[in-house]
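Inspection log for the structure reproduced underneath, given as structure tokens.
The values are calculated or read from the model by the stated rules, or taken from the named source; none is laboratory data. Because the structure is a prediction, the values reported are computed rather than measured. FYI the Cβ positions are ideal-geometry reconstructions off the backbone, even for glycines, and counts take in every protein chain you see. The area values use the complete protein model at the heavy-atom level, side chains included, leaving out ligands, DNA and RNA. Shrake-Rupley method; radii C 1.70, N 1.55, O 1.52, S 1.80 Å.
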Amino acid sequence: MRYTIHYYSEAVQTDIMALPATLQARYISLTDRMQAYGPNLGEPHTKPFGGGLFELRLKGADGIARVFYCTLVGRRVVMLHSFIKKSDKTPLAELRIAASRLKEVKNADSRADEGEDVR
């Protein structure tokens, strides 16, 4: 059974698809692998951030980008947030956005598992 890729929002998907060409190509290549083999591709491609948050590490001629994601029951991978990396450390503001979205997605998923309407 394959994994499926989902997006936190249409805006997240649009931002990812608007990455520079080499980073976008790398994203597509790595997510194809994630769908076939699972979300943990290992370093240097993926890295756990703790608490169920992971990062997809994109590097290309156009620079470096990161896409935060999480996994849900049912072989679902949810892309939460992306950004172009401009420094060695991940900016705290970017991490906070991803962590907040992770919490929201996990809460909505647990309510859906309990049969609650999450719309």
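Would you point out the residue of the range 32-45, among those that are outside any helix (DSSP H, G or I) and open to solvent by 80 Å² or more (accessible area, probe 1.4 Å), that is nearest to residue 105 (Cα to Cα)? Spell out the reasoning first.
If we filter the range 32-45 for residues that are outside any helix (DSSP H, G or I), which is where we start, we get 38-45.
Those left that are additionally open to solvent by 80 Å² or more (accessible area, probe 1.4 Å): 40, 43-44.
Numbers: 40: 19, 43: 25, 44: 26 Å.
Result: 40.
Going by the structure shown, is residue 34 at pLDDT 95 or above, farther than 18 Å from residue 9 by Cβ and touching a Phe, Trp or Tyr at 6+ places or on another chain (Cβ under 9 Å)?
Values: at pLDDT 95 or above: yes; farther than 18 Å from residue 9 by Cβ: yes; touching a Phe, Trp or Tyr at 6+ places or on another chain (Cβ under 9 Å): yes.
Considered against the rule, which asks whether it is at pLDDT 95 or above, farther than 18 Å from residue 9 by Cβ and touching a Phe, Trp or Tyr at 6+ places or on another chain (Cβ under 9 Å), residue 34 comes out as yes.
Are there any pairs with C-beta distances below 6 angstrom linking a residue in the range 89-102 that is in contact (Cβ under 8 Å) with a residue 24 or more places away in the chain and closer than 13 Å to residue 52 by Cβ to a residue that is open to solvent by 50 Å² or more (accessible area, probe 1.4 Å) and of a type in the set (Ser, Thr, Tyr), with the two at least 6 apart or on different chains, and if so which?
Between residues of the range 89-102 that are in contact (Cβ under 8 Å) with a residue 24 or more places away in the chain and closer than 13 Å to residue 52 by Cβ and residues that are open to solvent by 50 Å² or more (accessible area, probe 1.4 Å) and of a type in the set (Ser, Thr, Tyr), the close pairs are 101/8.
Looking at residue 40 and the list (1) of a type in the set (S, T, N, Q); (2) modelled with pLDDT under 95; (3) touching a Leu at 6+ places or on another chain (Cβ under 8 Å), which single condition is not satisfied?
Looking at each condition in turn, residue 40 falls short on (3).
Look through 23, 53, 80, 72 and report the one residue that is in contact with an Asp or Glu (Cβ under 6 Å, 6 or more places away or on another chain) and within 21 Å of residue 108 (Cα to Cα). Walk me through how you get there before you give the answer.
Numbers: 23 fails: within 21 Å of residue 108 (Cα to Cα); 53 fails: in contact with an Asp or Glu (Cβ under 6 Å, 6 or more places away or on another chain); 80 fails: in contact with an Asp or Glu (Cβ under 6 Å, 6 or more places away or on another chain).
The unique qualifying residue is 72.
Just one of (1) in contact with a strand residue (DSSP E or B) (Cβ under 9 Å, 6 or more places away or on another chain); (2) of a type in the set (Gly, Ala, Ser); (3) under 18 Å from residue 4 (Cα atoms) trips up residue 108, so point out which.
So the condition that residue 108 fails would be (1).
Could you check the range 6-27 and list, in sequence order, the residues that are hydrophobic (A, V, I, L, M, F, W, C), closer than 23 Å to residue 59 by Cβ and either in a helix (DSSP H, G or I) or in contact with a Lys or Arg (Cβ under 8 Å, 6 or more places away or on another chain) (or both)?
To start, the set of residues in the range 6-27 that are hydrophobic (A, V, I, L, M, F, W, C) comprises 11-12, 16-19, 21, 23, 25.
Checking the rest, the ones that are also closer than 23 Å to residue 59 by Cβ come to 12, 16-19, 21, 23, 25.
Answer for the range 6-27, where residues must be hydrophobic (A, V, I, L, M, F, W, C), closer than 23 Å to residue 59 by Cβ and either in a helix (DSSP H, G or I) or in contact with a Lys or Arg (Cβ under 8 Å, 6 or more places away or on another chain) (or both): 12, 16, 17, 21, 23, 25.
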